[in-house]
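I have placed the structure first, in the form of structure tokens, so that the comments after it can refer back to it.
The values are calculated or read from the model by the stated rules, or taken from the named source; none is laboratory data. Remember, it's a predicted structure, so these values are computed and weren't measured experimentally. Quick reminder, even Gly has a Cβ in these numbers, built from the backbone with ideal geometry, and neighbours come from all protein chains shown. With ligands, DNA and RNA removed, areas are computed over all heavy atoms of the protein, side chains included. Shrake-Rupley method; radii C 1.70, N 1.55, O 1.52, S 1.80 Å.
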Amino acid sequence: KQEVTQIPAALSVPEGENLVLNCSFTDSAIYNLQWFRQDPGKGLTSLLLIQSSQREQTSGRLNASLDKSSGRSTLYIAASQPGDSATYLCAVDVKTDSWGKFQFGAGTQVVVTP
Amino acid sequence: NAGVTQTPKFRVLKTGQSMTLLCAQDMNHEYMYWYRQDPGMGLRLIHYSVGEGTTAKGEVPDGYNVSRLKKQNFLLGLESAAPSQTSVYFCATGMSSNEQYFGPGTRLTVT
């Protein structure tokens, strides 16, 4: 069974620092990996999707890398801002039965202090 | 264009009571999912649907039933609520299996 782990569970950084969030998974046979953001009391919003054939994806200040062989993905957020405070979750698509089934990590709670 | 909506937003049930959670989407998506989120754990898939009239079990289906009679609606039912079902429930939809658009969640407490 695929297991997805996110360490650390919580992180606090001063504004302007770069954020590095880690996601590890036990089975490298994945189709894609997504990073989501969750604000308190809200649903999840997709940030980046990396296909299994890709090594990274970028959107603005966000960059996500994927190393399937080592079972790791890293989300980098450059020049953090207080508005980046949220919980970040990664999810791995482990397709079985010909459709997508996501396995989520527990998330990393990020606080960016002014 | 409301996207994905969930009804109700909050609910308190007594043990043994039943209720139905409604997920509605106006994006014409084929795939719909029900997840639960508990503290310190990631989202866990309860049931899912790959199209109107179809449903299937996810990772934690026990104690729940679902129906997808109309493409735009996915209902999650609890026949006899238990305290272990206290959680935040999220619905998600997608046109393909690559994407997931989430609703705002339903916070359920079973006493």
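Under the Kirkwood approximation for Rh and a Cα-based Rg, what ratio Rg/Rh is obtained for chain A? Can you show the working numbers first?
On the way: Rg = 13.7 Å, Rh = 14.2 Å.
Checking Rg against Rh, the ratio lands at 0.97.
What number comes out for the charge environment of B:Ala24, summing +1 per Lys or Arg and -1 per Asp or Glu over other residues with Cβ under 12 Å away? Working shown, then result.
Numbers: positive: B:Arg68, B:Lys70, B:Lys71; negative: B:Asp26.
Neighbourhood net charge equals +2.
Express the carbon and sulfur contribution to the solvent-accessible surface of the protein assembly as shown as a percent, rounded to the nearest whole number, probe 1.4 angstrom.
Working: 5270 of 10510 Å².
Summing carbon and sulfur atoms, their accessible area is 50 percent of the total for the protein assembly as shown.
With the other protein chains left in place, how much accessible area per residue, in square angstrom, belongs to region A:22-114 at a 1.4 angstrom probe?
Values: 4100 Å² over 93 residues.
Value returned for region A:22-114: 44 Å² of accessible area per residue.
Please express the Cα-Cα pair-distance distribution P(r) of region A:15-68 as a list of whole percents, one per 10 Å bin, running from 0 to the bin with the greatest distance.
Histogramming region A:15-68 at 10 Å steps yields 20, 49, 27, 4 percent.
So, for chain B, what is the accessible surface per residue at a probe of 1.4 Å, expressed in square angstrom? Provide the component values of the computation, followed by the final result.
Numbers: 5110 Å² over 111 residues.
The answer is 46 Å² per residue.
Considering the Cα trace of region B:10-111, what is its radius of gyration and what is Dmax, both in angstroms?
Both quantities, over Cα of region B:10-111: 12.9, 38 Å.
Compactness ratio of the protein assembly as shown: Cα Rg over 2.2 N^0.38 Å, N = residue count? Numbers along the way, then the final one.
Working: Rg = 17.5 Å, N = 225, 2.2 N^0.38 = 17.2 Å.
With N residues counted in the protein assembly as shown, Rg over 2.2 N^0.38 Å equals 1.02.
Kindly report, to the nearest 10 Å², the accessible surface of B:Val110 as traced by a 1.4 Å probe over protein heavy atoms only.
That residue has around 10 Å² of solvent-accessible surface.
Which whole number gives the average, over all residues in B:14-24, of C-beta atoms from other chains lying within 10 Å of the residue C-beta? Show your work: numbers first, answer last.
Values: counts 0, 0, 0, 0, 0, 0, 0, 0, 0, 0, 0.
The mean count of partner-chain Cβ atoms within 10 Å per residue comes to 0.
Sum up the charges of everything whose Cβ sits under 10 Å from the Cβ of B:Val110, counting Lys and Arg as +1 and Asp and Glu as -1, but leave B:Val110 out. Present the calculation step by step, with values, prior to reporting the outcome.
Working: positive: B:Arg11, B:Lys14; negative: none.
Neighbour charge sum, excluding B:Val110 itself: +2.
Within 10 Å of each Cβ of A:42-52, how many other protein chain Cβ atoms are there on average? Don't jump to the answer; show the numbers that get you there.
Numbers: counts 5, 15, 10, 3, 7, 0, 0, 3, 0, 1, 0.
Counting other chains' Cβ atoms within 10 Å and averaging over A:42-52 gives 4.
How big a patch of accessible area, both sides summed and in Å² to the nearest 100, lies buried between B and A at a 1.4 Å probe?
Values: alone 5900 and 6170 Å², together 10510 Å².
Summing both chains' loss of accessible area gives about 1600 Å².
Could you rank A:Tyr88, B:Tyr31, A:Tyr76 by how accessible they are, 1.4 Å probe, largest area first? Could you put the intermediate results ahead of the total?
Working: A:Tyr88 5, B:Tyr31 40, A:Tyr76 100 Å².
Solvent-accessible surface, decreasing: A:Tyr76, B:Tyr31, A:Tyr88.
List the lysines whose alpha-carbon lies under 19 Å from that of A:Lys42, not counting same-chain residues fewer than 8 positions away?
B:Lys9
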